Each structure stands twice: as structure tokens, then as C-alpha cells.
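Report on one structure; see the data block that follows.
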Amino acid sequence: MSTTTDISNKADIRLLVDTFYGQVRENTLLGPIFNGAIGDHWPAHLERMYSFWQTVLFHEQDYQGNPFMKHVNLPIHQDHFDTWLKLWHASVDRHFSGEKATEAKWRGDKMAAMFISKLDYYRANPGRPLL
């Protein structure tokens, strides 16, 4: 039986993000969208995601940017977010357990709900700014 520990540092975040995006890149629904949008810039994207999750989980201001605006013009819908969440939860559970692991899954859930809500609004009201 394998034991897991909680997410406790940037090395853990790197492991989580690398595991997750490895699955995303191979996924038949998400892979074409991510690979198409990111192209050959995966190393830079992964670095941004390490910083993003470091900021989200450890409140260290390591990330600068607006993640929603990077997604606003992508052809993504509820089924994409459902798949994203399934892979995110599986990646967390594969390597980690504990308070931060639970928080990472909860924050992923909240981000997905917020993104789909904002995307739905934007698509219904394309002339209105998103603040």
C-alpha cells in the first residue's frame, strides 16, 4: 500500500502540474485544444502553472496574469470543464492527500464553475466587458 503526503512545497506543485498536464495533453477531448493553443510553448506554460498554483495554494504572489482572458476565445464548454476536473482530481489523488490536497481539488472546482459561468455570460453578451 502506498502512502501519500500533502502538498507542501513547489516541488509538490511541479509534480502535480506535470502529472495533470501530461494527462491533459493525451486526452482526446482536451489535448487538441491545449496543444493547439499552447503549441510548442509547453515549458513556459508549465512554469506559469507552477507559479499559478503556488500563488493559489500558498498565497505567495508568484503569479501575474489574468487566467480567464487566456481562455475566453477557446472552444470550451461544460464537458471540457468536467473532463478537466476529472483529470485534476485524479492527479491530486494520485500523489497527495491532506488539507492542501483537498483545497487544491476544491479550488479547481470553484475555478471551473467560475470560468464556465463567465464564459456563458461573455458568449451571451459579447459587447459587455468582463470585470
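Rundown of residues vs (1) farther than 17 Å from F52 by Cα; (2) free of Cβ contacts under 8 Å to residues at least 40 places away in the same chain, yes/no style:
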position	(1), (2)
V92	no, no
F96	yes, no
E99	yes, no
A104	no, no
F115	no, no
Y121	yes, yes
G127	yes, yes
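Within the range 96-117, being more than 16 Å from the chain's Cα centre (by Cα) and either crowded, with 16+ Cβ neighbours inside 10 Å or assigned to a loop (DSSP other than H, G, I, E, B) (or both) holds for F96, S97, G98.
Yes/no per residue for (1) surrounded by 13 or more Cβ atoms within 10 Å (Cβ to Cβ); (2) in contact (Cβ under 8 Å) with a residue 24 or more places away in the chain; (3) touching a helix residue (DSSP H, G or I) at 6+ places or on another chain (Cβ under 8 Å):
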{"site": "W42", "(1), (2), (3)": "yes, no, yes"}
{"site": "R48", "(1), (2), (3)": "yes, no, no"}
{"site": "Q54", "(1), (2), (3)": "yes, yes, yes"}
{"site": "L57", "(1), (2), (3)": "yes, yes, yes"}
{"site": "D62", "(1), (2), (3)": "yes, no, yes"}
{"site": "H71", "(1), (2), (3)": "yes, yes, yes"}
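If only residues of the range 1-21 that are more than 13 Å from the chain's Cα centre (by Cα) and charged (D, E, K, R) are counted, the one that is surrounded by the fewest Cβ atoms within 10 Å (Cβ to Cβ) is D6.
Select, from S97, S8, S91, the only residue that is at pLDDT 95 or above and in contact with a Leu (Cβ under 9 Å, 6 or more places away or on another chain). If you could, list the steps in order and put the result at the bottom.
Details: S97 fails: in contact with a Leu (Cβ under 9 Å, 6 or more places away or on another chain); S8 fails: in contact with a Leu (Cβ under 9 Å, 6 or more places away or on another chain).
Residue meeting the stated conditions: S91.
Scanning the range 22-40 for residues that are β-branched (V, I, T) and surrounded by fewer than 18 Cβ atoms within 10 Å (Cβ to Cβ) yields T28, I33, I38.
Out of the residues in the range 22-66 that are closer than 22 Å to A90 by Cα and among the aliphatic types (A, V, I, L, M), which is nearest to the chain's Cα centre (by Cα)? Step by step, filter the range 22-66, then rank; the result is M49.
The values are calculated or read from the model by the stated rules, or taken from the named source; none is laboratory data. Computed from a prediction, not measured in an experiment: that's the story for all the values here. A quick note on method: Cβ atoms are made from the backbone with ideal geometry, for glycine too, and the neighbour counts reach across all protein chains shown.
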